[in-house]
């Protein structure tokens, strides 16, 4: 028997394979896109067990579609199939996790992190105040301006992103709000130079890890969560244009810095791997269930079934919906901080 002297693990210990997929990607348009939640799921099942579960889904739904998606499971007439998939005795129980990202909160978190170089508490203070304190118009203006400030593309908006953002900050200050939020906004108002430096850096070319991308940090958190105790993990992921060789190398290096024994990330076509298909199902239904909770019209039964799968490291700012989905807002991890190229608060 051979042992790894560095950490006490067997050198010949086989990596745990976790199959992954996502739902809710809108590129850098996190505020005005088609979805307000991003979900990334990981499933660890033997291939044969996963294939049997996918066959069961197909046999129960009986759709002529060649490739099944989460939308099939979300139809009311297939409710029983979805409940079976998420059930405590179902095929995914104890074998799957899903990282949730509330996109609007990610925008605020990244903007505040970039400009104030602080942890996420300052962002959480502003986000908790939100539209209830500042009003729908000023808050929507702030979110949109923050999104445009951070994104790589500039589509020729009439007002430069930096000027637009600080105009939105001033609008929030004029609207008034809780003292703690006003303090953060006052400090934000004095960061023009830092914001302009960020925009100037983008002229040299896009960063390896876009600040507004929820996928790459979610993959890192997935690797860390499955590598508890230093167990080696290999990720098998649905093919994505964003997952270039350089970014995969970044994911592996970053996950290792945060304690994951990530041995690598392999890309496959979802239709060729039943485990990835199950991850696609879970990510899609989790995104819809979480979005419904965010808007106050969740399905209590489905949310209850989803809860055991929701990762504590999810990036979520809304307290009320998070209490129903997974636990206290503090039990989460931050995303990529602009300019640092790393994952914080893991």
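Could you list, in sequence order, the residues of the stretch 235-267 that are assigned to a loop (DSSP other than H, G, I, E, B) and in contact (Cβ under 8 Å) with a residue 60 or more places away in the chain?
So in the stretch 235-267, the residues assigned to a loop (DSSP other than H, G, I, E, B) come out as 239-244, 258-260.
Matches in the stretch 235-267: 240, 258, 259.
With the checklist (1) within 20 Å of residue 86 (Cα to Cα); (2) at pLDDT below 95; (3) assigned to a helix (DSSP H, G or I) in hand, flag the one item residue 327 doesn't pass.
That leaves (3) as the condition not met.
Mind listing whichever residues of the stretch 268-278 are part of a helix (DSSP H, G or I) and over 24 Å from residue 28 (Cβ atoms)?
Residues satisfying the conditions are 271, 272, 274, 275, 276, 277, 278.
Would you pick out the residues in the stretch 277-320 that are out of contact with any strand residue (DSSP E or B) (no Cβ under 8 Å at 6 or more places or on another chain), surrounded by 18 or more Cβ atoms within 10 Å (Cβ to Cβ) and more than 22 Å from residue 19 (Cβ to Cβ)?
Selection gives 293, 298, 302, 303.
If you check residue 83 against the conditions, is it under 24 Å from residue 298 (Cα atoms), modelled with pLDDT of 95 or more and surrounded by fewer than 19 Cβ atoms within 10 Å (Cβ to Cβ)?
Working: under 24 Å from residue 298 (Cα atoms): yes; modelled with pLDDT of 95 or more: yes; surrounded by fewer than 19 Cβ atoms within 10 Å (Cβ to Cβ): yes.
Taking the combined requirement at face value, the residue satisfies it.
Checking residue 64 against (1) assigned by TED's automatic domain parsing to the domain that holds residue 177; (2) over 25 Å from residue 295 (Cα atoms), which test does it fail?
Status for residue 64: all satisfied but (1).
Which numbered condition in (1) touching a helix residue (DSSP H, G or I) at 6+ places or on another chain (Cβ under 9 Å); (2) farther than 30 Å from residue 145 by Cβ; (3) buried (at least 18 other Cβ atoms within 10 Å of the Cβ) is the only one that residue 271 fails?
Against the list (1) touching a helix residue (DSSP H, G or I) at 6+ places or on another chain (Cβ under 9 Å); (2) farther than 30 Å from residue 145 by Cβ; (3) buried (at least 18 other Cβ atoms within 10 Å of the Cβ), residue 271 comes up short only on (3).
Looking at 98, 112, 126, which is the one that is crowded, with 18+ Cβ neighbours inside 10 Å, in the same structural domain as residue 318 (by TED's automatic domain parsing) and in contact with a helix residue (DSSP H, G or I) (Cβ under 7 Å, 6 or more places away or on another chain)?
On the way: 112 fails: in the same structural domain as residue 318 (by TED's automatic domain parsing); 126 fails: in the same structural domain as residue 318 (by TED's automatic domain parsing).
From the options 98, 112, 126, the qualifying one is 98.
If I go through the stretch 59-79 residue by residue, how many of them are outside any loop (DSSP other than H, G, I, E, B) and either out of contact with any strand residue (DSSP E or B) (no Cβ under 8 Å at 6 or more places or on another chain) or closer than 20 Å to residue 46 by Cα (or both)?
Of the residues in that region, 11 qualify.
Which members of the stretch 279-302 meet the condition of being outside any loop (DSSP other than H, G, I, E, B) and over 18 Å from the mean Cα position of the chain (by Cα)?
300, 301, 302
From the list 82, 100, 114, exactly one residue is within 20 Å of the chain's Cα centre (by Cα), closer than 28 Å to residue 304 by Cα and either assigned to a helix (DSSP H, G or I) or touching a residue at least 12 places away in the same chain (Cβ under 8 Å) (or both). Which is it?
None of the other options fit; the residue is 100.
Checking residue 285 against (1) more than 26 Å from residue 228 (Cβ to Cβ); (2) at pLDDT 95 or above; (3) in contact with a helix residue (DSSP H, G or I) (Cβ under 9 Å, 6 or more places away or on another chain), which single condition isn't satisfied?
(1)
The values are calculated or read from the model by the stated rules, or taken from the named source; none is laboratory data. Values in this document were obtained by computation on a predicted structure and should not be read as measured data. A quick note on method: Cβ atoms are made from the backbone with ideal geometry, for glycine too, and the neighbour counts reach across all protein chains shown.
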